[in-house]
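Step one of this worksheet: look at the structure below.
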Amino acid sequence: MNHDPRHPTAARDVISTHSVFGAPCWVSLTSRDQDATESFYGAVLGWQWEPAKLGDHFRVALADGTPVAGIAAVASMYQMAVAWTPYFAVPSADEAAARAQERGGTTAVGPLSLPPGRAALLADRDGATFGIWEGELVANWEIWRRAQPAFIRLHTRDAFDAAIFYGEVLDWASGRPGCCEVHYEGGEVVLRSQGDVVARIESGALGSAPDPTIRPHWQVHFAVADVTACVRAAEVHGGSVLSKGGDEAVLRDPDGAQFTVTSHRER
């Protein structure tokens, strides 16, 4: 797997995936060069670092002392893609993985045991990669949400088809207490958990045919105080700017992983 989904040192309240099932609960980056990755994200997002229990190639990123992301410098070692991946909380990784396969998704890794839980790396039926995690969360979910990750957005060919797939796999809008709510707002499918926007799915204008040129993928958006400063730091430290406008910018790190910085925090 790409990360150790536990904070390895700090004491915390034990919050399980049963409490926030269906919602994003972690983000992970697979990279090639550990030192370059730490230097880049330290400069751009102000992260500090501490070891993860999975080994020397793994690190946990901290924002003001709160664990916010996992970094795994194993892309070259295991011939893996360099990319950011969101992980969703599930009551059972095995059941969620089975549901994904039944609905045309694929399993890349797992489910496998990473005490105190289980994890898997999957892809939806259009090829967008995502992870699932069952067990204790990295930290109190509310603290993690507020620390830096703002939300995630799925760019795909058919937002409604994707929403059906993820809804059935992750129990969105299932009526179960605590499940995520799904709405159509402003031309996007919007996922809310405990009142907050935690994910969006977009695919173009309502009623338009799916765009075959889109490469479906999840984009991680990080909330920052100064988008312009992040852009400058990215350029100085070997990254590149793919687009910039308004209160956000899409950046690429030196290994090629894309992510978004935004001054707009979803609510």
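A count restricted to the stretch 122-142 and to residues that are assigned to a strand (DSSP E or B) and more than 16 Å from Glu95 (Cβ to Cβ) stands at 3. Among residues belonging to the stretch 242-259 that are touching a Lys or Arg at 6+ places or on another chain (Cβ under 8 Å) and more than 16 Å from Trp47 (Cβ to Cβ), point out the one that is surrounded by the most Cβ atoms within 10 Å (Cβ to Cβ). Among residues in the stretch 242-259 that are touching a Lys or Arg at 6+ places or on another chain (Cβ under 8 Å) and more than 16 Å from Trp47 (Cβ to Cβ), the one surrounded by the most Cβ atoms within 10 Å (Cβ to Cβ) is Val250.
Taking the stated definitions as given, is Ala81 modelled with pLDDT of 90 or more and either buried (at least 17 other Cβ atoms within 10 Å of the Cβ) or of a type outside the set (S, T, N, Q) (or both)? Can you show your working first?
Numbers: modelled with pLDDT of 90 or more: no; either buried (at least 17 other Cβ atoms within 10 Å of the Cβ) or of a type outside the set (S, T, N, Q) (or both): yes.
In short, no.
Taking residues in the stretch 79-99 that are assigned to a loop (DSSP other than H, G, I, E, B), and partners anywhere that are surrounded by fewer than 19 Cβ atoms within 10 Å (Cβ to Cβ), the pairs with Cβ atoms closer than 6 Å and at least 6 places apart or on different chains are Val82/Gly256; Pro91/His18. Looking at Glu38, Glu50, just one residue is surrounded by 15 or more Cβ atoms within 10 Å (Cβ to Cβ), acidic (Asp, Glu) and either part of a strand (DSSP E or B) or modelled with pLDDT of 70 or more (or both), and that residue is Glu38. Candidates in the stretch 149-183 are the residues that are in contact with a Ser or Thr (Cβ under 8 Å, 6 or more places away or on another chain) and in a loop (DSSP other than H, G, I, E, B); of these, the one that is surrounded by the fewest Cβ atoms within 10 Å (Cβ to Cβ) is Gly178. If only residues of the stretch 223-267 that are among the charged types (D, E, K, R) and in a strand (DSSP E or B) are counted, the one that is modelled with the highest pLDDT is Arg252. For Phe21, the conditions (1) touching an Asp or Glu at 6+ places or on another chain (Cβ under 9 Å); (2) at pLDDT 85 or above; (3) surrounded by fewer than 21 Cβ atoms within 10 Å (Cβ to Cβ); (4) of a type outside the set (Val, Ile, Thr) are fulfilled apart from (3).
The values are calculated or read from the model by the stated rules, or taken from the named source; none is laboratory data. Please read these numbers as outputs of a predicted model, since none were measured by experiment. Heads up, the Cβs are rebuilt from the backbone with ideal geometry, glycines too, and the neighbour counts pull from every protein chain shown.
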